[in-house]
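Let me begin by presenting the structure, written as structure tokens, before commenting on it.
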Amino acid sequence: YIKVPDAAVKQGIKGEVEIAFIVEPSGRLSNYREIKGLGGGCTEEAYRLIQMLKWEPAKADGKYVRSEYQIKVNFGNSKY
């Protein structure tokens, strides 16, 4: 569940945070990279949410491989 940071609520921050990361063959996440941030703790919350999800690595030729993903977390539709 998304928890809108108090600082974002107080500052009226809304929008999307976009994060890129690698899913390793083991399913572990690495190489987090902020593509678009908002401030007010929203980027940190997006990282927390990404880490909560279970990620299955991509397959190529029947073997698990490293793959890069990008995900957007929307803070604009949340009711403050």
**OP:** Give the residue, chosen from F21, F75, that is out of contact with any strand residue (DSSP E or B) (no Cβ under 6 Å at 6 or more places or on another chain) and open to solvent by less than 40 Å² (accessible area, probe 1.4 Å).
**Re:** F75
Subject >> The lone exception for V4 - which of (1) farther than 30 Å from G62 by Cβ; (2) in contact with a Pro (Cβ under 9 Å, 6 or more places away or on another chain); (3) open to solvent by 30 Å² or more (accessible area, probe 1.4 Å) it fails >> reply: (2)
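Please verify whether K10 is assigned to a helix (DSSP H, G or I) and open to solvent by 30 Å² or more (accessible area, probe 1.4 Å), treating the condition exactly as stated. Give the derivation first.
Working: assigned to a helix (DSSP H, G or I): yes; open to solvent by 30 Å² or more (accessible area, probe 1.4 Å): yes.
It is true that K10 is assigned to a helix (DSSP H, G or I) and open to solvent by 30 Å² or more (accessible area, probe 1.4 Å).
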**OP:** Within region 14-49, count every residue that is in contact with a helix residue (DSSP H, G or I) (Cβ under 6 Å, 6 or more places away or on another chain) and farther than 19 Å from E68 by Cα.
**Re:** 3
**OP:** Please go through region 24-66 and pick out each residue that is part of a loop (DSSP other than H, G, I, E, B), open to solvent by 70 Å² or more (accessible area, probe 1.4 Å) and either touching a residue at least 12 places away in the same chain (Cβ under 8 Å) or within 17 Å of K3 (Cβ to Cβ) (or both).
**Re:** S26, L53, K54, E56, R66
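The values are calculated or read from the model by the stated rules, or taken from the named source; none is laboratory data. Keep in mind it's a predicted model, so treat the numbers as computed, not measured. Cβ: placed from backbone, ideal geometry, glycine included. Neighbour counts: every protein chain shown. All accessible areas refer to the heavy atoms of the entire protein, side chains included, with ligands and DNA or RNA removed. Shrake-Rupley method; radii C 1.70, N 1.55, O 1.52, S 1.80 Å.
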